[in-house]
Structures are given as C-alpha cells and as structure tokens.
Amino acid sequence: MSDNVQFPELPRIEVPEHPVWPELAREEKEALVAKIKEQLRRQNAVLVAHYYTSSDLQELAEETGGCVADSLEMARFGSHQDARTLVVAGVRFMGETAKILNPEKRVLMPDTRATCSLDEACPAESFAEFCDQHPDHTVVVYANTSARVKARSDWVVTSAIALPIVRHLAERGEKIIWAPDKHLGRYIQDQTGAEMILWPGTCVVHEEFKAVALKRILRLHPEAAVLVHPESPAEIIALADVVGSTTALIKAVASMPHREFIVATDKGIFHKMQQVAPDKTLIEAPTLGVGATCQACAECPWMGMNSLQSLLHVLETGEHEIHVDPEIREKAVLPIRRMLDFAEQHKGA
Ligand code: 13P
Ligand code: SF4
C-alpha cells in the first residue's frame, strides 16, 4: 500500500555519541544518591524511568516510590500520583506525554535534548500536510512522536497496545496512516491485515540488529529463545519466539521455561530481566556483521543522557522543564486518552 505513496523528504538524523559519565567511587555514588533522594522528598517529586535507562536510575526510581516501566505504563503512572513534580528519565516524548496528561504538574527531565530518531523522522508540518492529502485515513501515531504530531492524530499507541487498537480499527474497516516507525507498522500490518500507509521512519537502535549474525548465534545456542522488540526489521522479527513491548519481553524471560534468551532491544532492559530471572542467561542480539555501522550498538544514545549526575543537576537548578503549548496540549491529550481508555477497557483481553 505504501509503495505508490509519495512521502516528503525526511530530515537527516544526527546520532550523537553515547554519553560517557564519569565512573563514581562507591562513596561518591552514595552521596549523589542521598542528595537526589533529599531533593525528591523536598520537592514532592517522583522519578518515572524507562527500562532503557541505567540500572542506577532504575534502582533509585523503585527505592523512592517512583516506577520503572514501558512507555504505556510511564504515561499511566504520573496521573495516579499526588506528587507535584514528575521527573521523567527517558526521552523527550515521554516527558511531553507526562506533561500533556498532567498539565498541573511540573515535569522535569534529566536532559530535554534526549530525543528519539522516530520523533525526529516525523516533522509536524510535513506530517500534517501528508495527512491532509489522505483525508479518508485514520491517523495512528506511535507514542515516539512530538506533541504536535500527536495533536494531528486520531489515536496514539505504544508497542504494548498497538496491535489490539489497529485490529479494532481494521475490524471497523478504517484505512490507516501509521507513523513514524515503518518496521513496527509492517509487523502490525502483517498481524492484523489492516490497510496501512507506513511513514518511513526507523529507530536507529533496533534497525542495527543483523539477521545473518543472529542466525550464527542461534546455531551456537540452539535452545535459546529469541526476544525481539517490534521496532526491529522484518528479518529479525522473522527469527523471534516472542515479539513485544519492553514489558512483554521482560515477562517472557520470567515466564518461559528456556534457560537462555537472545534479546534484540536496548541493553538497558537487561537490568530488569536479570532482576526478574537471576538464574537465566541473557545474550545480546548482534549489531555487528556484514554492512554494519553500529552507531548505537544496542544502546540508545538519547536514553544515555539520563544519569545520576544529570538528574541531580535538574533537581537543583529546575532546568530542563517540559512545556507544551496549551493549544497543542488540548488537541494532543485526546488521542492519548483514547489509547489509555482503550487499554483500560481491554485489560487482560
Ligand atoms: P516500549 O513502549 O516497548 O517501552 O518502547 C519504547 C521505545 O522507545 C522502544 O525503543
Ligand atoms: Fe527512540 Fe529507538 Fe531510542 Fe527507543 S531506542 S527512544 S525508539 S531511538
């Protein structure tokens, strides 16, 4: 379906080096963590962290009454908190979603420059023009987009809820513009049979997994189960035993009888996987091999901008606050709420 469609030229994505944070001696780290805890308490703030952030941040979020989650759960969590400030350790769209859903709260991020290649691949203006050219299509956008793109959409979805929502729309006979991740879009199209135009964005981290090298590792570990995030290319998804959101992949490690898992997603997830299944062996899916560029090497450089140091800095200075234009917010909140309501109604389905 997307074959005959003309897309606007997409911006070139500059992928930064993965930030390197200074090693901390044990006492230094303890002192830093103590200061952060004190700031969180004084400012009535909770830390909401994604599974791809460092183990230090994940542990801190859990110890201080915050949460570590996938992007759907991160969106839900903030709304159920009394805290006045939400500190979102993740990438900018996650902070913006928290602000859109909780305009009365202050939302801080360790670094608001933490973008996402999918968000960058979908500029609001050209996307809106594209949608205007296809007025008979329902606009479904992945959460990894800007507030402005969400404001132009009918539905927002995350990887945890995309399949049932698109299936629901396909059953109603709706034609879909899907943006921005073409790999996730292709997977959902294959699973649902929905008629979809796929915006040609990609995740720079998942795009780098290599099927030939993965097959080689599988030959060395024939008993291993392959877990794949659906932002990965089709040839990687084809080798998967489980395809799903970060939460789904963590649950798979805990519940499947396998002893070994080859994991095709950001390495940050290993912390939680190892926590829920300490006796299982986790193997990184390869990003090296023929034609490899390995810019990200299974570590999102933007997620890497979150650290204990950058977190303390924003708590002390109030820098890196998220603001969303009220007019955009008013429009963007509708498709996000539609997703959350759908998820609530289909819990356990
Ligand atoms: P999840 O919603 O599955 O956590 O994915 C978010 C993401 O950015 C994956 O790259
Ligand atoms: Fe975006 Fe990919 Fe990073 Fe997820 S891993 S935040 S999709 S660039």
Range of Cα positions in the chain per principal axis (Å), largest first = 59, 55, 40
key: Local electrostatic count, ARG42, Cβ distance below 14 Å [Lys/Arg +1, Asp/Glu -1]   = +3
message = Can you work out the Karplus-derived ³J(HN,Hα) for every residue in segment 295-302? Use 6.51 cos²θ - 1.76 cosθ + 1.60 with θ = phi - 60°, whole Hz, and x for glycine or proline.
response = 6, 9, 6, 6, 9, 5, x, 7
ask   = Taking the chain as a Gaussian network, Cα atoms linked when under 10 Å apart, which of CYS116, CYS131, CYS300 shows the biggest mean-square fluctuation?
value = CYS131
query = If the cut-off is 17 Å between C-alpha atoms, which aspartates and glutamates fall inside it for LYS150, apart from same-chain ones fewer than 8 positions away?
reply = GLU96, ASP119, GLU120, GLU125, GLU129, ASP132, ASP181, ASP325, GLU327, GLU330, ASP341
message = List the residues, sorted by chain then number, that are 5 or more residues from ALA89 or on another chain and whose placed amide H is less than 5 Å from its amide H.
response = VAL48, ALA49, HIS50
message = Given points 7 Å out from each Cα along the Cα-Cβ axis, report the ALA128 to GLU9 separation in nanometres with one decimal.
response = 2.2
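Where does the chain land at 222 nm, in deg cm²/dmol rounded to the nearest 500, when only DSSP H runs of n ≥ 4 count, each adding -39500 (n - 2.57), divided by all residues? Each step should come with its number before you reach the end.
On the way: 15 runs with 145 residues, N = 349.
When only DSSP H runs of four or more count, the value is -12000 deg cm²/dmol.
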Theoretical FRET efficiency, 1/(1+(r/R0)^6), r = Cβ-Cβ of ALA248 and THR64, R0 22 Å, to 0.05 = 0.25
task = Would you work out the charge dipole size for the chain about its Cα centre, treating the Cβ of every Lys and Arg as +1 and the Cβ of every Asp and Glu as -1, and quote it to the nearest 20 debye?
result = 580
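Given the convex hull over the Cα atoms of segment 206-284, what projected area results after averaging over all orientations, in nm²? Provide the component values of the computation, followed by the final result.
Working: hull surface 17.8 nm².
Average of the hull's projected areas for segment 206-284 equals 4.4 nm².
Taking Cα pairs under 8 Å and at least six residues apart, what relative contact order does segment 206-284 come out at, in percent?
Details: 117 pairs, mean separation 23.6, N = 79.
Computed value for segment 206-284: 30 percent relative contact order.
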ask   = Gap in Å between the Cα centre of segment 59-83 and the Cα centre of segment 182-201?
value = 30
ask   = Hey, what did the chain get for relative contact order, percent, Cα under 8 Å, at least 6 apart?
value = 23
ask   = Who wins for biggest fluctuation among VAL15, VAL91, VAL204 in a Gaussian network model of the chain, springs between alpha carbons below 10 Å?
value = VAL15
remark   = the chain, Gaussian network, Cα under 10 Å: of GLU171, GLU63, GLU23, the residue fluctuating most is GLU23
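Since every read-out is calculated from the coordinates, none of them should be taken as a lab result. Here the structure is a predicted model, which means the values were calculated and not measured. Virtual Cβ from ideal backbone geometry, glycine too; neighbours counted across all protein chains shown.
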